[in-house]
Amino acid sequence: MTHRRSRGPGWLSLPPSVALLLLILVPFSAHAADTGDDFAYIAQPGDTLIGLGKRLLREPNRWHDVQLRNQIANEYRIKPGSTIHIPYSWLKVSTETAAVAKVAGTVTSASQPVTAGQSLSQGSVIETGADGSVAIDLADGSRIVLHKSSSLRLSEMQRVDGVPNSHDIQLQLPDGHVDTLVKPHRDVGRFEIVTPTAALGVRGTVFRATALEDVVTTETLEGVVAVSASGETVDTKADFGTRVDKGAPPLKPVPLLPPPNLSSLQGTNQLKELHLEFPLLEGAKSYHVQVSETADFQTFAVDVSSEQPVLDVAALPDGAYWLRVRGIDSLGLEGHDAVKSFTQQTLPEPPKPPPPNPELVSITRHDLHFQWSAEPGQQYRVQIARDPQFQHVLTDQTQSEGTLVWHRPWPGQYYIRVEPLPANETTEGTPFVVPVPLWAKVAAPIVILSTLLF
């Protein structure tokens, strides 16, 4: 049985007006609701209160208190299968650790980078940057995936000694987004995610939670959600979601949006950009787009939102990826997943055109005629100077033609260079005798003999 506990001071000590979300798989009784800080032990054949006191309690003699709390007439005879409520504070517990399964981008704990395989102790705070995400495996078999720009505290991770599959876990989510696959049904312990606005107690289900300022949204993918706030309770079935605003009752559950249609997207992307375009989803105000290297979306290589079903993102390194898209409704609830695998295989760059090779092809009485091989549509910067460093430029012009007619200068040595635009670098000219071939961005001297003037 899953219940909310009363916590210590600070923002976790929530006043009665603050929303309380209890996510459970089976209905809870009125008696259980009065023992929200209790561990629900299922009696086994041969159990006695004295034996349970020795096995489970920090103070074994408190079995008398257990007897009174549960109105058990005979401490030696307990009906097998009956539920015995024991406050967690009375139980013997052992601290557990969590393990980092996968990390992407910036993820830190205590200002230090978090790495895959790292062990996280109780009380650890994990923070993700704008490009960060992390998958964490808990000792009870649950997995949590923390999205970008989020913070999570592993406030309690312990197990009840003497009872198999009895873990007690509390996570604090001050802000951000977390996907959670909670422990199997056989676990008899508790699992809670507490935010400044609401507390979510869960068992054996898959759900998402987002904590924003004074707002918590949750989408349930399995089981039933009992949402209580401001004295009102509503049941949220699987495939429904709800929203809780601080100080207000929970909104009426609404169906989650269906998955977007990704059938038109290609299975292979060969471009430098990943272009996503799919049909509008009725009811969607925006879209949540994620790309992961793993089919179970442990971490995210891309995690962005878009108001339109059209998005361009920088292509990833070549490899296999999985795309996940959800529609987001007017309440901020994310709908069902549309998932599609694809391969990134960027086409190689086309070969660069050969560098311009200006040649002095003819000299007339008044002009010099130059020529080089020009690519269609390509612009060129043409310069002629007296020195190889082009400190004394005589002409500097831009043109698309592969020819140049320049007035005949005084006898001497000159330099010419032709650069395709845009120019990524500038090089000094190297002297040469026309018409020796000239490579790109290499200046060539032009020798004008005085005898040519006559």
Condition first: crowded, with 18+ Cβ neighbours inside 10 Å and under 48 Å from the mean Cα position of the chain (by Cα). Now tell me which residues in segment 60-82 satisfy that. 66, 70
Identify, please: which residue in segment 294-309 is in contact (Cβ under 8 Å) with a residue 40 or more places away in the chain, within 20 Å of residue 104 (Cβ to Cβ) and not small (Gly, Ala, Ser) and is, among those, surrounded by the fewest Cβ atoms within 10 Å (Cβ to Cβ)? 294
Helices (runs of 4 or more DSSP H) wholly inside segment 1-100 containing at least 3 residues that are under 30 Å from residue 234 (Cα atoms) and modelled with pLDDT of 50 or more: none
Note on segment 280-289: residues outside any strand (DSSP E or B), surrounded by fewer than 21 Cβ atoms within 10 Å (Cβ to Cβ) and of a type outside the set (Gly, Ala, Ser) are 280, 282, 285
Just a yes or no: is a residue in segment 394-410 in contact with a Ser or Thr (Cβ under 8 Å, 6 or more places away or on another chain), among the basic types (Lys, Arg), modelled with pLDDT under 85 and surrounded by 13 or more Cβ atoms within 10 Å (Cβ to Cβ)? yes
Give segment 336-373 a look and list any residue that's touching a His at 6+ places or on another chain (Cβ under 9 Å) and in a loop (DSSP other than H, G, I, E, B), or say none. 366
Considering segment 132-152 alone, what residues qualify as being polar (S, T, N, Q), part of a loop (DSSP other than H, G, I, E, B) and in contact (Cβ under 8 Å) with a residue 40 or more places away in the chain? 142
In segment 106-131, which residue that is of a type in the set (Ser, Thr, Tyr) and outside any loop (DSSP other than H, G, I, E, B) is nearest to the chain's Cα centre (by Cα)? 128
Return yes or no: is residue 141 assigned by TED's automatic domain parsing to the domain that holds residue 221 and within 30 Å of residue 52 (Cβ to Cβ)? yes
Which numbered condition trips up residue 277, out of (1) in contact (Cβ under 8 Å) with a residue 24 or more places away in the chain; (2) surrounded by 15 or more Cβ atoms within 10 Å (Cβ to Cβ)? (2)
Would you mind stating whether residue 128 is in contact (Cβ under 8 Å) with a residue 40 or more places away in the chain and of a type in the set (Ser, Thr, Tyr)? yes
Take residue 164 and tell me if it is in the same structural domain as residue 235 (by TED's automatic domain parsing), in contact with a Phe, Trp or Tyr (Cβ under 7 Å, 6 or more places away or on another chain) and part of a loop (DSSP other than H, G, I, E, B). no
Just need a number here: residues in segment 222-243 that are among the hydrophobic types (A, V, I, L, M, F, W, C) and more than 18 Å from residue 179 (Cα to Cα). 4
Of all residues in segment 226-240, which are part of a strand (DSSP E or B) and over 26 Å from the mean Cα position of the chain (by Cα)? 226, 227, 228, 229, 232, 233, 234, 235, 236, 237
Out of 108, 95, report the one residue that is out of contact with any Asp or Glu (no Cβ under 7 Å at 6 or more places or on another chain) and either in the same structural domain as residue 198 (by TED's automatic domain parsing) or hydroxyl-bearing (Ser, Thr, Tyr) (or both). 95
Specify the residue that is surrounded by the most Cβ atoms within 10 Å (Cβ to Cβ); the eligible residues are those in segment 143-176 that are more than 28 Å from residue 47 (Cβ to Cβ) and hydroxyl-bearing (Ser, Thr, Tyr). 150
Please pick out the residue among 179, 168 that is touching an Asp or Glu at 6+ places or on another chain (Cβ under 8 Å) and touching a residue at least 40 places away in the same chain (Cβ under 8 Å). 168
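The values are calculated or read from the model by the stated rules, or taken from the named source; none is laboratory data. Here the structure is a predicted model, which means the values were calculated and not measured. Don't worry about glycine lacking a Cβ; one is built from the backbone with ideal geometry, like all the others, and counts go over all protein chains shown.
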